[in-house]
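Reading through the C-alpha cells given below for one structure.
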Amino acid sequence: MRQAGAEGTDLRPTLILLPGLLCDYQLWRPVTEALAAEASAVVADVTLDDSLGAMAARVLDWAPPRFALAGLSMGGYIAQEIMRRAPERVTRLALLDTSARRDTEEQGRRRRGLIELAGQGQFKGVTARLLPLLIHADRLGDQPLVDTVTGMAERVGRDAFLRQQSAILGRPDGIPDLPAITCPTLVLCGRQDALTPLDAHEEMARHIPGARLVVIEDCGHLSPLERPEAVNAALRAWLAA
C-alpha cells in the first residue's frame, strides 16, 4: 500500500484507491494531491495476487473498519469483489472506466494470448499499439502522459502482469450483484473509453440503486491521468454527498 496524507489523529475519511492492469500509484497521483483536504488517500498494491478474491482479501485485511473505495478498470473489478465480501465496511463506492461483465470470448482469447506471450518472456509492457486503447487519440502525442503510462507498466513488470491477467480472466459476471449495493455510488468513464465503453457504465448505473453516472468528455480509459480536473471534481462531489 502507498499512502498520501497524515496518520494518527487524522479525522479525514480513508479513501482506498485501486489501480488497473499495469497501473500503480501514479494513476491516482492527481487524485491524492487534489483531494488531500477531503480524504486520506491510500493506493493499494494490486500486483501480488492472481485472483480477485485474494486481491480483495488483502485490501480488507489491511483496511480500516470503514472506508470509501474507488477502483479503475481492474481496480473496479476488485472493488466489486470487496462489495460482495464486506459491503458493510464501504461507506461509498466509485467505479471508474470498468465493467461488471466478464470477458467476452474475443476478449478472453486476446487476454490468454497475451499471457502466453508474456510467459515466453515476450513482455513489452504498454506498446505503441496498445496506447490508443488506453488514452484518447488526441493525447497520443502528449509525451509526459505517455511516459507516465509506460513507466507504470515497466514498474509493474511481467510477473505481476501475469498474475493480474489471470485474476481478470477468473472474474464473475457481477451484474446480478449490483442491486445489493446501497452506499452512495459514482459510476464514471471517459466518453471515448475504448476498453470499457460508455454502455457498460450505463448498464452498471441502471443496476445500482441511486448511482450517479458521470461521463468525462474527450477522454479515454485512464481518466484520472487524462482529465484530472473533471475527475477530481466528480470525486469531490461524491465524497461530499
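For the chain, the residue among Leu225, Val42, Ile181 whose Cα projects farthest onto the positive side of the dipole built from Cβ charges is Ile181. Considered as an equivalent ellipsoid built on the Cα gyration tensor, region 7-126 has semi-axes of 28, 16, 13 Å, the largest given first.
Taken about its Cα centre, region 97-184 carries a charge dipole of about 280 debye when Lys and Arg each add +1 at the Cβ and Asp and Glu each add -1 at the Cβ.
Antiparallel versus total DSSP beta bridges in the chain: what percent is that, nearest 5?
10
Any idea what the dipole of the chain comes to, in debye rounded to 20, about its Cα centre with Lys/Arg Cβ at +1 and Asp/Glu Cβ at -1? Spell out each step's value before the answer.
On the way: 27 positive and 31 negative charges, 73 e Å.
Value, rounded to 20: 360 debye.
Farthest towards the positive end of the charge dipole of the chain, among the residues Thr98, Leu27, Gln80, is the Cα of Gln80, using unit charges on the Cβ of Lys, Arg, Asp and Glu. Note on region 106-241: Cα Rg divided by 2.2 N^0.38 Å, N the number of residues, gives 1.16.
Label separation (Arg129 vs Leu213): 3.3 nm, computed from points 7 Å beyond Cα along the C-beta direction. Computed from point charges on the beta carbon alone (+1 for Lys and Arg, -1 for Asp and Glu), the dipole magnitude for region 148-222 about its Cα centre is near 260 Debye. Site-free segments of the chain were taken between GluC sites (Glu not before Pro) in DSSP loops having at most 10 other Cβ atoms within 10 Å, sites themselves excluded; the longest one is 8-216. Listed values (1) 142; (2) 111; (3) 124 include one computed from this model; for volume of the Cα convex hull per residue in Å³ that value carries the label (2). Put simply, the amide H of Ala94, placed in the peptide plane, has neighbours under 5 Å in Leu69, Ala70, Gly71, Leu186, leaving out anything fewer than 5 places away on its chain. Between Arg109 and Thr182, the contour length at 0.36 nm per residue exceeds the alpha carbon distance by 22.8 nm.
Rule-based calculations on the coordinates, nothing more; no lab input. Because the structure is a prediction, the values reported are computed rather than measured. Because the Cβ atoms are built from the backbone with ideal geometry, glycine has one as well, and the counts that use them run over all protein chains shown.
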